[in-house]
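All remarks here apply to the structure that follows.
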Amino acid sequence: MARGATRADGGSGRGVGLSDPKRVARRWLLFSLALSSLVVMTYAGVMLAFSVTLTEEMADANAGVPREGRVVVVPVADPRLVRTHAEHGEGALLVAGQTTGSFPAGARDTSLGRALAFVAPASRDGDNATYEPATLELAGVPARNGTTNLSVDVAALAAGGAGWIVMGSNEETPRFVARGDVIGEVARFASPYSLGLTFAAGFAGFIAPLVAIIVTHRPSGRRGAPPIVCRECGSAMTTSMDFCVRCGAYRTGD
């Protein structure tokens, strides 16, 4: 007894629908494009979430900083990993501000400065904190007219807190930023529209292939394609089925 499936018009079910190599290749290509675009969209979204808008105050306080765009930051997990002028001769750029959520993108009152040193109280006596060393002697600090030497009274500047002493290269005096107010270390500067355009391109590249796959999908029995029926029991089958779910007959096209 012949086993398999045939179309209602007597034709074989092979070589049609999802078994068409060209259609399969096209769908895999569209799927690959959607997956790649999803990666791009995710990357841009993360960069947008972990970045803050550059302000004129940031640019005015630091030489070489763009006057517009976004600054991508890396949250500080361990203060010992942040390069400082006192220990490494060149301090990392730190972004400080007030965050209102889990991501830096919503930060307010942001500022930018180079880390000169990290300080924390060595001991406390009531409201009085003792720092070691009590005075920081910093030589060759970048300043408006080249470099300058600084003598910093740590206790007077830090007022009992733990954090970084920072100063922009165009600023005259250092300032203290508490550890909790540091949003992160500068990773890079981005142009005003690059991250937004990258996110939009990734979104469009993710949605368009999926829409194309859905629109071009042609199930059996539609748009002129005769339905496939099982030769043994006469049950309807689709081009994606290898055997009849009712009687178990394999679709062979015999």
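The values are calculated or read from the model by the stated rules, or taken from the named source; none is laboratory data. Because the structure is predicted, anything quoted here is derived from the model rather than measured. Every residue, glycine as well, gets a Cβ built from its backbone with ideal geometry; the counts of neighbours run over all protein chains shown. Remember, those area values only see protein heavy atoms, side chains included, never the ligands or the DNA or RNA. Shrake-Rupley method; radii C 1.70, N 1.55, O 1.52, S 1.80 Å.
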- Filter segment 85-94 for residues that are in contact with a Gly (Cβ under 8 Å, 6 or more places away or on another chain) and in a loop (DSSP other than H, G, I, E, B) and give the result. GLY89
- Item | Scan of segment 105-120 for residues that are part of a strand (DSSP E or B) and of a type in the set (A, V, I, L, M), ordered by number | LEU112, ALA115, LEU116, ALA117, VAL119
- Message: Checking the structure you have, find out if any residue of segment 173-184 is without any contact (Cβ under 8 Å) to a residue 12 or more places away in the chain and in a strand (DSSP E or B).
- Response: no
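What number of residues in segment 92-120 are without any contact (Cβ under 8 Å) to a residue 12 or more places away in the chain and of a type in the set (Val, Ile, Thr)?
Filtering segment 92-120 for residues without any contact (Cβ under 8 Å) to a residue 12 or more places away in the chain gives 100-102, 106, 108.
This time we only want the ones that are of a type in the set (Val, Ile, Thr), so: 100.
Counting residues in segment 92-120 that are without any contact (Cβ under 8 Å) to a residue 12 or more places away in the chain and of a type in the set (Val, Ile, Thr) gives 1.
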- Message: When the residues of segment 121-142 are narrowed to those that are touching a Gly at 6+ places or on another chain (Cβ under 9 Å), assigned to a strand (DSSP E or B) and without any contact (Cβ under 8 Å) to a residue 40 or more places away in the chain, which ends up most open to solvent (accessible area, probe 1.4 Å)?
- Response: ARG124
- Query: Out of all the residues in segment 95-104, is one or more part of a loop (DSSP other than H, G, I, E, B), hydrophobic (A, V, I, L, M, F, W, C) and either open to solvent by 60 Å² or more (accessible area, probe 1.4 Å) or within 19 Å of SER51 (Cβ to Cβ) (or both)?
  - Reply: yes
- Item | segment 239-252, residues that are surrounded by 15 or more Cβ atoms within 10 Å (Cβ to Cβ) and at pLDDT below 75 | THR239, ARG251, THR252
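Residue by residue, here is whether (1) surrounded by fewer than 18 Cβ atoms within 10 Å (Cβ to Cβ); (2) in contact with a strand residue (DSSP E or B) (Cβ under 8 Å, 6 or more places away or on another chain); (3) assigned to a helix (DSSP H, G or I) holds:
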{"residue": "LEU29", "(1), (2), (3)": "yes, no, yes"}
{"residue": "SER32", "(1), (2), (3)": "yes, no, yes"}
{"residue": "VAL52", "(1), (2), (3)": "no, yes, no"}
{"residue": "ASP60", "(1), (2), (3)": "yes, no, yes"}
{"residue": "ALA63", "(1), (2), (3)": "yes, yes, no"}
{"residue": "GLU68", "(1), (2), (3)": "yes, no, no"}
{"residue": "ALA77", "(1), (2), (3)": "yes, no, no"}
{"residue": "ARG83", "(1), (2), (3)": "yes, yes, no"}
- Message: Could you tell me how many of the residues in segment 202-236 are modelled with pLDDT under 75, under 30 Å from ALA34 (Cα atoms) and surrounded by 12 or more Cβ atoms within 10 Å (Cβ to Cβ)?
- Response: 6
- Note on the structure: Residues in segment 103-116 that are closer than 21 Å to LEU81 by Cβ and out of contact with any Gly (no Cβ under 8 Å at 6 or more places or on another chain) total 1
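Please work out if PRO192 is in contact with a Lys or Arg (Cβ under 8 Å, 6 or more places away or on another chain) and closer than 25 Å to GLN98 by Cβ.
On the way: in contact with a Lys or Arg (Cβ under 8 Å, 6 or more places away or on another chain): yes; closer than 25 Å to GLN98 by Cβ: yes.
Spelling it out, PRO192 is indeed in contact with a Lys or Arg (Cβ under 8 Å, 6 or more places away or on another chain) and closer than 25 Å to GLN98 by Cβ.
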- Query: How many residues does segment 182-197 hold that are farther than 18 Å from GLY106 by Cβ and touching a helix residue (DSSP H, G or I) at 6+ places or on another chain (Cβ under 8 Å)?
  - Reply: 0
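In the set THR148, THR173, which member is more than 36 Å from the chain's Cα centre (by Cα), among the polar types (S, T, N, Q) and either within 18 Å of ALA61 (Cα to Cα) or surrounded by 11 or more Cβ atoms within 10 Å (Cβ to Cβ) (or both)?
Numbers: THR173 fails: more than 36 Å from the chain's Cα centre (by Cα).
Answer to the selection: THR148.
In segment 43-70, how many residues are under 10 Å from GLY168 (Cα atoms) and at pLDDT below 90? Can you show your working first?
Going residue by residue through segment 43-70, those that are under 10 Å from GLY168 (Cα atoms) are 58-63.
This time we only want the ones that are at pLDDT below 90, so: 63.
So the answer is 1.
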